[in-house]
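Notes follow the structure.
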Amino acid sequence: MSRIIIIMGVSGSGKTSLGLALSQALQIPFLDADDFHPQENIDKMSQGLSLNDSDRAPWLLALNTLLQTHHKQEGAILACSALKESYRVTLSRKLPVEWILLKGDYDLIYNRMRARDHFMPAELLRSQFDTLEVPSYGLQLSATDSLETWKTTVVQQKNKKHFGIIGLGVMGKSLAFNTLSKGIPLAVYNRAIGNESTIVSDFLKETSTPLCDGYTSIKEFVNALHTPRKILLMVPAGQPVDAMINELTPLLTTNDIIIDAGNSHYVDTERRYKALKEQQLHFVGVGVSGGQEGALKGPSMMPGGDKTVIDSIWELKAIAAKVQGISCANYMGPDGAGHYVKMIHNGIEYAQMQLLAEVYDILKASDYSTAEVAALLEAWQKTGVKSYLLGIMPDILRKEENGTPLIDLIVDAASGKGTGVWSSKNALDYGMPATMIAAAVQARFSSSQRDLRISLAQQYGRPTTAQKVDVQMLFEAYSTASIVNHLQGLALIQAVSNNLNWHISLADVAQNWRAGCILKSELVARFALELAKNHEIEELPLIKAAFENDWDSLKQICKFGIDTNVPLPCFNAALTHLFAFTQAQSSANIIQAQRDYFGAHGYKRKDIDNDQLQHTNWTQQ
């Protein structure tokens, strides 16, 4: 893989000297960014005038285009001041850049400048120091070190790997194959104990490429990586993540990056982020969705942490799913924002799965055969409700064993990995109505008490009363309920983001969910397009249309469940949400009066124009 190295720093720090030395050592071309300034920029600097961002913009774009050309060939080394983060973003667009910063104090560099024949007067050096935004990534070398020391440090990285993955389970292995398919030099690690003793060697036999090295020694794995190291963890959430971090940190150096791509709770991610920051290490929490296939072909990725650090991990965008060339790995926000968004993604997923289970139950109560349900859902998949989850239903329903649908042999007790519960608790903590997620979680809890259900059904059960459902109404009800589910989830993300000052963009969230993930759907695509226009979520045409319809289909489906004794917790939660948020006068005045009666909690009055709480002695006549 060709190398693109950009050496940055103020004028006079030694960028050209190091660049020429590396060019000779690595046998790749050297480019001096100053040689590519348009004449108007050179004339301006010669007059003692500083360049502004407008002056630099076309120059930076031209350099990026030049580097992209070299990346397709033998690579290149570029010496460029790149003082601002925005400049570095432009320079590295669509490129795997290795950054080197030459650091030195003002007096040292100023004396060098005075001794040089350079078109920029040394007096402008102060403005460069004032402008310099020191990156929190890349290799940082001291300007006081010798050229030989610089060169040795960089050349030693030549055979090191750009990216590391710890954990070669189903997801880790698939992400590793994905990474290698993008031409990214990779080191992998897995412990070699018990039934995991041959995991690394087996993986290396499958890959058989010089791009990949495998290790069962954590120290050797760390030493095999390019600095600053980028290490992605694919280990089970919870204590195993902390254990791996504790094993890694003594071996790491300043600005190394640990990326947790598991299903960690966002609160744990925040804790780890703060702890590692104190050790001058970076921690990035990345929500990853898409299962094994997504990991292999391109998952949805939801990164959270320091934006400049995440922007430097170009590998994430390279391996993520893409929609029309746009990566589904947008930055979510600081601290635990990435894992938080993934948590709510999974909560919405819980409710979408439950809705489809309820659709199946309704159709079975209408005497549809399993094959007929599969055919109907396959037809739905060709409409505006197309989604990944709907698309897998026909495959599930058509799978047979000895002529019997496999679905009929599966025990009807659902489990989960905790993200649905976390989402429900989070909604309660922040006072947000995520009722469909909660209904889906509770439905799983009910299903898991299977022995009790069977016993109570034998004693008190009421058989399903067969009726023919109107399939067009069922389709419309499913569509409306899906919109409500996504509305509740996105509104929860927005509320928590506002509370924690995360500044999460819902448009970026929806864009990340457009491909590679379990929530991929035509509905999410519509949300992404409408949110990109910066509407408030309640003002989106999609949402307004859902509130403006008469909900007759949703009402009829909920009534169908009542008439046939079929529980429909998510359909009912969707309808109740629509009722609740279109009811100007709620019944909460009764709740407030009750609280004041027994607890003297107070209440506000409509006819008193302030927020002062009132109290009444309710038993006094």
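The values are calculated or read from the model by the stated rules, or taken from the named source; none is laboratory data. This one's a predicted model, so the numbers in the text were calculated from it and none came from an experiment. As a convention, Cβ positions derive from the backbone with ideal geometry for all residues, glycine included, and neighbour counts pool all protein chains shown. Each accessible area value is taken on the protein alone, full model and side chains, heavy atoms only, with ligands, DNA and RNA left out. Shrake-Rupley method; radii C 1.70, N 1.55, O 1.52, S 1.80 Å.
Percent of Cα-Cα pairs per 10 Å bin, from 0 to the last occupied bin, for the range 392-521, please list those.
In whole percents, the pair-distance histogram is 9, 25, 36, 21, 8, 1.
If you plug each phi of the range 11-17 into the Karplus form 6.51 cos²θ - 1.76 cosθ + 1.60 with θ = phi - 60°, what whole-Hz ³J(HN,Hα) values come out, in order, with x for Gly and Pro?
Running phi through 6.51 cos²θ - 1.76 cosθ + 1.60 with θ = phi - 60° gives 4, x, 7, x, 4, 5, 4 Hz.
Give me, ordered by chain and number, the residues 5 or more places off LEU78 or on other chains with an amide H under 5 Å from its own placed amide H.
When sequence neighbours closer than 5 places are left aside, the close amide H contacts are ILE5, ILE6, ILE7, LEU31.
With a Förster radius of 35 Å, plug the Cβ-Cβ distance of ASP361 and GLN292 into 1/(1 + (r/R0)^6) and report the FRET value to the nearest 0.05.
For ASP361 and GLN292, the calculated efficiency is 0.80.
Hey, with R₀ at 30 Å, roughly what FRET efficiency would SER146 and GLN39 work out to, going by the Cβ-Cβ distance, to 0.05?
Calculated transfer efficiency: 0.25.
Taking the Cα centre as origin and putting +1 on Lys and Arg beta-carbons and -1 on Asp and Glu beta-carbons, what dipole magnitude results for the chain, to the nearest 20 debye?
Here the size comes out at about 700 debye.
Give me Rg/Rg_expected for the range 251-290, where Rg uses Cα atoms only and Rg_expected = 2.2 N^0.38 Å with N residues.
Rg over 2.2 N^0.38 Å, computed on Cα atoms: 1.19.
Rg/Rh for the chain: what does it come to with C-alpha atoms and Rh from Kirkwood?
Value, to two decimals: 1.06.
Taking a quarter of the surface of the convex hull around the Cα atoms of the range 579-621, what do you get in nm²?
In nm², the orientation-averaged hull projection of the range 579-621 is 3.9.
Which of the peptides 44-54, 105-115 is most tightly packed, and how do the rest follow, judged by the mean count of other Cβ atoms within 10 Å per residue?
105-115, 44-54
Go ahead and estimate [θ] at 222 nm for the chain from helices alone: -39,500 (n - 2.57) per DSSP H run with n ≥ 4, summed, over the residue count, rounded to 500.
-15500 deg cm²/dmol
Within the P(r) computed for the range 494-577, what percentage of the Cα pairs occupies the region above 18 Å?
Result: 59 percent of Cα pairs exceed 18 Å.
Taking every pair of distinct Cα atoms and averaging 1/r, then inverting, what Kirkwood hydrodynamic radius in Å comes out for the range 221-286?
It works out to 11.8 Å.
Just need the Rg to Rh number for the range 35-163, please, alpha carbons only, Kirkwood Rh.
Rounded to two decimals, Rg over Rh is 0.96.
How tilted is helix 419-429 with respect to the longest principal axis of the chain? Cα atoms for both, answer in degrees (0 to 90, nearest 10).
The helix 419-429 is inclined about 80 degrees to the chain.
For the range 1-92, take N as its residue count and report Rg(C-alpha) divided by 2.2 N^0.38 Å.
1.08
Charges on Cβ only, +1 for Lys and Arg, -1 for Asp and Glu, centred on the Cα centroid of the chain; of PHE163, ALA414, ALA593, which one is farthest towards the dipole's positive end?
Going by the Cα projections, it comes out as PHE163.
By how many degrees, 0 to 90 and rounded to 10, does the Cα axis of helix 522-531 deviate from the longest principal axis of the chain?
60 degrees
Choose one of THR435, LEU519, LEU147: the residue whose Cα lies farthest towards the positive end of the charge dipole of the chain (beta-carbon charges +1 Lys, Arg; -1 Asp, Glu; about the Cα centre).
It is LEU147.
Taking H as built 1.01 Å from N, whose amide H comes closer than 5 Å to the amide H of GLY214, not counting residues under 5 places away?
VAL188
What ³J(HN,Hα) values, in whole Hz, does the Karplus curve 6.51 cos²θ - 1.76 cosθ + 1.60 give for the range 293-299 when θ = phi - 60°, with x put for Gly and Pro?
Going residue by residue, I get 5, x, 4, 6, 9, x, x Hz, with x marking Gly and Pro.
Could you state, as a whole-number percent, how many of the C-alpha pairs of the range 227-345 are farther apart than 24 Å?
Cα-Cα pairs in the range 227-345 separated by more than 24 Å: 19 percent.
Which sequence of GLU98, GLU400 reflects their accessible areas, 1.4 Å probe, from the largest down?
GLU400, GLU98
Give me the distance between the Cα centres of the range 317-352 and the range 394-437, rounded to whole Å.
20 Å
So how compact is the range 180-253: Cα radius of gyration and Dmax in angstrom?
Rg, Dmax (Cα atoms, Å): 12.8, 34.
Two-decimal Rg/Rh of the range 331-435 from alpha-carbon positions, Kirkwood Rh?
So for the range 331-435, dividing Rg by the Kirkwood Rh gives 1.06.
Of ARG526, ARG56, which has the most accessible area and how do the rest follow, probe 1.4 Å?
Of ARG526, ARG56, the descending order of accessible area is ARG526, ARG56.
To check my understanding: the extent here is largest minus smallest coordinate of the Cα atoms along each principal axis. What are those three numbers for the range 440-595, in Å, largest first?
54, 46, 33
What ratio of Cα Rg to 2.2 N^0.38 Å holds for the range 134-265?
Expressed relative to 2.2 N^0.38 Å, the Cα Rg reads 1.11.
Whole Å is fine, so just give me how far the alpha carbon centre of the range 160-235 lies from that of the range 252-304.
Computed from Cα coordinates, the inter-centre distance equals 17 Å.
Hey, which of these cross-link pairs are over 19 Å Cα-Cα: LYS84/LYS317; LYS230/LYS307; LYS173/LYS386; LYS161/LYS219; LYS94/LYS533?
Too far apart for the 19 Å limit: LYS84/LYS317; LYS173/LYS386; LYS94/LYS533.
Using mean Cβ contacts within 10 Å as the protection proxy, how do 475-486, 330-341 order, highest first?
Per-residue mean Cβ counts within 10 Å order the peptides as 330-341, 475-486.
Using θ = phi - 60° and the Karplus form 6.51 cos²θ - 1.76 cosθ + 1.60, what ³J(HN,Hα) does each residue of the range 538-551 get, whole Hz, x for Gly and Pro?
After applying 6.51 cos²θ - 1.76 cosθ + 1.60, I find 5, 9, 4, x, 4, 6, 4, 5, 5, 6, 7, 6, 8, 6 Hz.
Taking the 0 to 90 degree range and rounding to the nearest ten, how far is the long axis of helix 569-580 tilted relative to the main principal axis of the chain, both from C-alpha atoms?
90 degrees
Mind giving me the FRET efficiency for LYS606 and LEU529? R0 is 45 Å, r the Cβ-Cβ distance, nearest 0.05 is fine.
FRET efficiency, LYS606 to LEU529: 0.65.
Could you work out the pair-distance distribution P(r) of the range 394-455 from its alpha-carbon pairs, with 10 angstrom bin width and percents rounded to whole numbers?
The percentages, shortest bin first, are 19, 33, 31, 14, 3, 0.
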